[in-house]
Each structure stands twice: as structure tokens, then as C-alpha cells.
Amino acid sequence: MIEEKRKALDALDVLMQHHRVVESLFSEFEYLHKNGRDTASVMEAACAEIKIHDAIENDIFYPAVSDAAGEEGIDALLDDAEDSHDSALDLIEELEDADVAARHPQFMLLIAQVKQHIMDEETELFPRVRKLEQLDLASLGSEMKARETELVAEAELAEAGEKSA
Ligand SMILES: [Fe+2]
């Protein structure tokens, strides 16, 4: 019931929700690592979340913001955000190619990188996006949520495929 009454998430809510999920996976990783427990599955889960977040921001959010803003200040922030996505994806690729036991250094770098990205977006980019009157954040949010549902389903299918292979 409460679920039904909740207002739909706008585009920035969707992205901040991703950020919180990734941060909580990072905390879980830090806890497990400190206690000498297995971190492989939490690293995998964080990488999967980051890839979905990347696809939604790059394919839907950044282009919509760039079209609506049409100003250099925001374009520069978008360029920085895209660069930090690219380096996060590079780190994930390296990490996935490494042996499970050798993944920690890349994952620690990934945590630092993604935390910086989250802070930059939430303190600089998002407040400016919120002020763009020409941007319909509500419908953009629905579009992003729909894409997220598809990407999660694709990731689950791929994972099921890997397990049965
Ligand atoms: Fe992002």
C-alpha cells in the first residue's frame, strides 16, 4: 500500500538511489575485507550495479541534460562525469580479467574513483540539473527506471547463463 502511494522517482532520485546502493556495497566490502571474509560476490554485485548506472547515465541522462542545458558550464561537468565513467569501466574490466585473489587493488581504486564521482555529481552537477526548467525530470526518471528494469533482467539472464554453462 505504502509502495503505491509513493511518488514516482524523478531522474535525480533514480541516480541517487543507484549511488546509495553502490555505497552500501562498498561498506559491505570494507566490512568483509576487514574481517578476512570472502569479498568476491560483493565485488561482483558492485561492478554489476556500476555498469547499469553507467549505461543509464550515458545513454539517457547525460544526453537529455546536455540537450536541455546547451551551456558550456554543464557540458564541462558532463565531460568530467563521462571521463570518470570511462575510467571506472576500465578498472572493472581489469578487475574482471584478474584472478579473484588479485582483485583487491583494483577494487580499492574503483571505490575511491566512484566515491569521488558520486560527490561531484551530487554537489555540482545535480543541483544545476534540478534548475533546468526545460528538462522534465519526472518523465526522464520513468524512462530511466524502465531501462533499468531491462538491464537488470539482461544481467540476470547473463548470470544464469554463466552458471548453467
Ligand atoms: Fe554516474
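Descriptive notes on the structure:
- Linear extension gain, GLU44 paired with GLN116, 0.36 nm per residue minus alpha-carbon span: 23.9 nm
- Most mobile of MET43, MET144, MET119 in a GNM of the chain (Cα contacts under 10 Å): MET119
- Length gained when the stretch GLN17-ASP75 is fully extended (0.36 nm per residue, less Cα-Cα span): 18.5 nm
- 5 angstrom amide H check on ALA98, placed H, neighbours 5+ away: none
- Nearest-ten-degree value, helix 72-97 long axis tilted from longest Cα axis of the chain: 20
- Between helix 40-56 and the chain: long-axis angle, C-alpha atoms, 0 to 90°, nearest 10: 20
- Whole-Hz couplings from phi, Karplus 6.51/-1.76/1.60, listed for the stretch 21-38; x for Gly and Pro: 4, 5, 4, 6, 5, 5, 4, 5, 4, 4, 5, 5, 4, 4, 9, x, 9, 5
- In the elastic network of the chain, a GNM with C-alpha springs shorter than 10 Å, the most mobile of GLU72, GLU49, GLU94 is GLU72.
- Accessible surface of the stretch 80-165, 1.4 Å probe, proportion on carbon and sulfur as whole %: 53
- For GLU150, the accessible area of its heavy atoms, probed at 1.4 Å with every protein chain present, is near 100 square angstrom.
- Using θ = phi - 60° and Karplus 6.51 cos²θ - 1.76 cosθ + 1.60, couplings along the stretch 115-127 (whole Hz; Gly, Pro as x): 4, 5, 4, 4, 5, 4, 5, 6, 9, 10, 6, 4, x
- Förster-model FRET efficiency, 22 Å R0, ALA146 and SER66, C-beta, rounded to 0.05: 0.60
- Accessible area of SER84 in the full protein assembly, 1.4 Å probe (Å², nearest 10): 20
- Theoretical gain in end-to-end length, TYR31 to ALA98 [0.36 nm per residue, Cα-Cα removed]: 21.9 nm
- The stretch 29-50 and the stretch 51-68: distance between their alpha carbon centers, rounded to Å: 27
- Residue among LEU95, LEU15, LEU109 with the largest mean-square fluctuation in a Gaussian network model of the chain, springs linking Cα atoms under 10 Å: LEU109
- For the stretch 152-160, the Karplus equation 6.51 cos²θ - 1.76 cosθ + 1.60, evaluated at θ = phi - 60°, returns couplings of 5, 4, 4, 5, 5, 4, 4, 5, 4 Hz by residue, with Gly and Pro reported as x.
The values are calculated or read from the model by the stated rules, or taken from the named source; none is laboratory data. Only a predicted model underlies this, so the values are computations on that prediction, with no experimental measurement involved. With ideal geometry, Cβ positions are generated from the backbone for all residues, glycine too; neighbour counts draw on all protein chains shown. In case anyone asks, the SASA skips ligands and DNA or RNA and just uses the protein heavy atoms, side chains included. Shrake-Rupley method; radii C 1.70, N 1.55, O 1.52, S 1.80 Å.
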